[in-house]
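S.K.: Pasting in a structure now, in structure tokens, and then I'll have a few things to ask.
Read-outs: derived from the displayed coordinates by stated rules, not from any lab. These figures come from a predicted structure and were not determined experimentally. All Cβ positions, even for glycine, are placed from backbone atoms using ideal geometry, and neighbour counts span all protein chains on display.
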Amino acid sequence: MNLKEKIIHESLKLFSLKGFFSTSIHDILEAANTSKGGFYNHFSSKDDLFFQVVDEARKIWREKNLKGLDEIENSTEKIKRLLKNYKDRYLKDADNFPGGCVFITLSAELNDQRPQLSKEIEKGFIGLKGMIRRLLKKSKESGELIKAVNTDTVTEILFSGMLGASLLYGLNKSKTNLDTSINSLVEYLEQLKK
């Protein structure tokens, strides 16, 4: 790992734990074991670093959450795998996200004070919700789900449930509660199947 990658990785962990505003440049320098010169050789500002950290967090999110989805044909099963990956591979990844989901931490912190940075986080939420909606529509069209299912409503339930589980896990780090929350969403989805 080169210095730039190390700064991004350590900043990602710090943003997950402390947020953007509470993480100082000094904290980043100390965690990455570098100097101001080492930092500014790679980043023009903390905001510049923010965008690169978010890019790295998205990359990790995709690696962790989308693993194995391409191997599954059934759309409902893809959603179930996404939920399980989200719980087991992403939220419980203390190496990259010791404070929990960095997107939850940053979105809550940045919305009022730095809306332009918050909008960058919101893009990911919009993408996740869109993916869930598309998979649910495919599930309904292929006859996997009962006809009475309102895919927009189920999308909101699953999306909100995932974010709620993330928020609670970030607060209490209870793997038992996290398992219960996400497993409840999986069970709910099962009840909608034919």
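S.K.: Can you list the equivalent-ellipsoid semi-axes of the range 55-191, largest first and in whole Å, using the square root of 5 times each Cα gyration tensor eigenvalue? Spell out each step's value before the answer.
M.R.: Values: eigenvalues 127, 57, 41 Å².
For the range 55-191, the ellipsoid semi-axes come out as 25, 17, 14 Å.
S.K.: If the elastic network links every pair of Cα atoms under 10 Å, which of Ile121, Ile60, Ile104 fluctuates the most in the Gaussian network model of the chain?
M.R.: Ile60
S.K.: While we're on this one: Can you list the residues, at least 5 places off or on another chain, whose amide H is less than 5 Å from the amide H of Leu145, using H built in the peptide plane?
M.R.: HN-HN under 5 Å from Leu145: Lys140, Lys194.
S.K.: For the range 117-172, which trypsin sites (Lys or Arg not before Pro) are in a loop by DSSP, counting at most 12 other Cβ atoms within 10 Å? Before the final figure, lay out each step's value.
M.R.: Values: sites: Lys119, Lys123, Lys129, Arg133, Arg134, Lys137, Lys138, Lys140, Lys147; in loops: Lys147.
Filter output for the range 117-172: Lys147.
S.K.: Would you calculate, for the chain, the mean residue ellipticity at 222 nm contributed by helices, counting each DSSP H stretch of 4 or more residues as -39,500 (n - 2.57) and dividing by all residues, to the nearest 500? Walk me through the numbers on the way to the answer.
M.R.: Details: 9 runs with 138 residues, N = 194.
So the calculated ellipticity at 222 nm is -23500 deg cm²/dmol.
S.K.: Still on this model: Please report how far the C-alpha centroid of the range 53-86 lies from that of the range 122-157, rounded to the nearest whole angstrom.
M.R.: 15
S.K.: In addition: Based on DSSP H assignment, which helices of the chain show an axial Cα extent of at least 18 Å together with a mean Kyte-Doolittle hydropathy greater than or equal to 0.0?
M.R.: Those that pass (Cα extent of 18 Å or more, hydropathy at least 0.0) are 151-172.
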